[in-house]
Amino acid sequence: MAQIHPWGKIEWLTAKFGHRNWTGVVCSSFEPRCLAVPEWLSKNSNNNHFCLKINDPSSRFTSKIVSATDDHEKIIKSLLGPKLEVTTAMLLSEPGAWYNFSQLSSSTQDMSLMLDISGMPKRVFLFLVKQYLDSDNIRDLVVCYTKPEGYKEGQLTEDALPPSPLPGFSRISNYIGDPTTIVSVGYMAFNLGDLLEQQRGRTAKFLFPFPPGSPGFRRSWRLLHDLSQGMDLQTEIKRINSMDMFSALDWLKDIKQETNGNIDMIPIGPKPHALAMGLAFPSMGDSAEISYSQPRLYHPDYSYGILKDEFGNSDVTAYCLRRNFVNFV
């Protein structure tokens, strides 16, 4: 029997649930797209909601980043009202901060939870999703992602940390077999060129967002070219639509059946592909690891606007991970 892959536009997907009073978990970000899901919730739910406000390390852009984030927080508060609870944490906080937030936001029994990852860092939302899937309180779990109108040309981030395991996604055991590196390709290499250089001779697989759109098409191909220099000619490049999280998840799970060595996943591509890596991790065994080179500086014009559909609505894609206590991942 084929596994169900329930995902699509937020209006279409949530209609399949029937009446639900959603609890929203959103993020106040400097990116305007962080407002799309709060706006939808304001029209479709009168429940309690939770907002993360994440402070980046100090940089030359701090004043602009803080000003934009504060402005968006005010709008989110006006949309979701007095039932909104805001939690502030540092980008590089210890995992305990995210664990405490996950427990706070999932403390109600038999709840329907909607997590918006649009403006949320990967190190945060991957940890939260893992905790929510472990919760017996959550009846329904939907993850939402909003596209921006576009990304700036040129550099998007700076001052990336050396690659290291994301909290909750470290390797437990080392296997002797042929190791595999899987890279989700995006726009920026961060410090991962050095990591791949150290891993020459390994089986390499690239998850490529296709079609990524222009100028993303050109930028993603350029990054793929740079990262794959010197790789074996048999290196696999898997093209999957940037929004098709479930297809990426299926592909990743199939890779596990082909390898008997360590698996390193590197999510520098679209957030839905990163989400697929986080969801594939439990089935990869204790030799898997998700590594990331966390930027400490984001440019305040990283992205702009909110992409609209043909009806003028924000282009929000929703993924059903659980319905009526049944998981689809």
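Throughout, read-outs are computed from the coordinates displayed, never taken from laboratory work. Not measured: the values here are computed from a predicted model. Here the Cβ is made from the backbone with ideal geometry for all residues, glycine too, and neighbour counts use every protein chain on show.
When only alpha carbons are used to place a centre, the range 273-324 and the range 113-188 end up 6 Å from one another. If you build a Gaussian network model of the chain, linking Cα atoms that sit under 10 Å apart, which residue out of LEU161, LEU207, LEU126 swings the most? With Cα springs under 10 Å in the chain, the top fluctuation among LEU161, LEU207, LEU126 is at LEU161. Projecting the Cα atoms of SER45, ILE263, THR180 onto the dipole axis of the chain, where Lys and Arg carry +1 and Asp and Glu carry -1 at the beta carbon, places SER45 farthest toward the positive end. The H on the amide N of GLU85, modeled in the peptide plane, is under 5 Å from the matching H of HIS49, PHE50, CYS51, each at least 5 residues off or on a different chain.
Each Lys or Arg adds one and each Asp or Glu takes one away; over the other residues whose Cβ falls under 13 Å from the Cβ of ASP244, this sums to +2.
Please work out whether the range 1-147 counts as rounded, prolate or oblate from its C-alpha gyration tensor, where a ≥ b ≥ c are the square roots of the eigenvalues and a/c under 1.5 means rounded, while otherwise a/b larger than b/c means prolate and anything else oblate? List each step's numbers first, then the result.
On the way: a/c = 1.69, a/b = 1.44, b/c = 1.18.
Prolate shape, in that a/c is at least 1.5 and a/b is the bigger ratio.
What does the charge add up to near GLY285, with Lys and Arg as +1, Asp and Glu as -1, over the other residues with Cβ less than 12 Å from its Cβ? After counting each charged neighbour, the total is +1.
Once the Cα atoms are used to define both axes, helix 62-80 deviates from the longest principal axis of the chain by about 50 degrees. Cross-link partners for LYS53 among the lysines, with Cα-Cα distance under 29 Å and sequence neighbours closer than 8 places in the same chain left out: LYS9, LYS43, LYS64, LYS74, LYS77, LYS83, LYS122, LYS130, LYS147, LYS152, LYS271, LYS308.
Find, among the chymotrypsin sites (Phe, Trp or Tyr not before Pro) in the range 225-324, those assigned to loop by DSSP (not H, G, I, E, B) with at most 14 other beta-carbon atoms within 10 angstrom. Walk me through the intermediate numbers first.
On the way: sites: PHE246, TRP251, TYR292, TYR298, TYR302, TYR304, PHE311, TYR319; in loops: TYR302, PHE311.
Within the range 225-324, the qualifying chymotrypsin sites (Phe, Trp or Tyr not before Pro) (loop, at most 14 other Cβ atoms within 10 Å) are PHE311.
Each Lys and Arg contributes +1 and each Asp and Glu -1, all at the Cβ; summed about the Cα centre of the chain, the dipole is approximately 380 debye. Put simply, the amide H of SER118, placed in the peptide plane, has neighbours under 5 Å in THR146, leaving out anything fewer than 5 places away on its chain. Relative to the longest principal axis of the Cα atoms of the chain, the long axis of helix 216-227 makes an angle of roughly 40 degrees. For the chain, the longest principal axis of the alpha carbon atoms and the long axis of helix 245-258 meet at an angle near 30°. The modelled label-to-label distance for the pair ASN100/LYS253, using points 7 Å beyond Cα in the direction of Cβ, is 3.6 nm.
From the square roots a ≥ b ≥ c of the eigenvalues of the alpha-carbon gyration tensor of the range 113-173, which class results: rounded (a/c under 1.5), prolate (a/b over b/c), or oblate?
Numbers: a/c = 4.16, a/b = 1.26, b/c = 3.29.
The shape class here is oblate.
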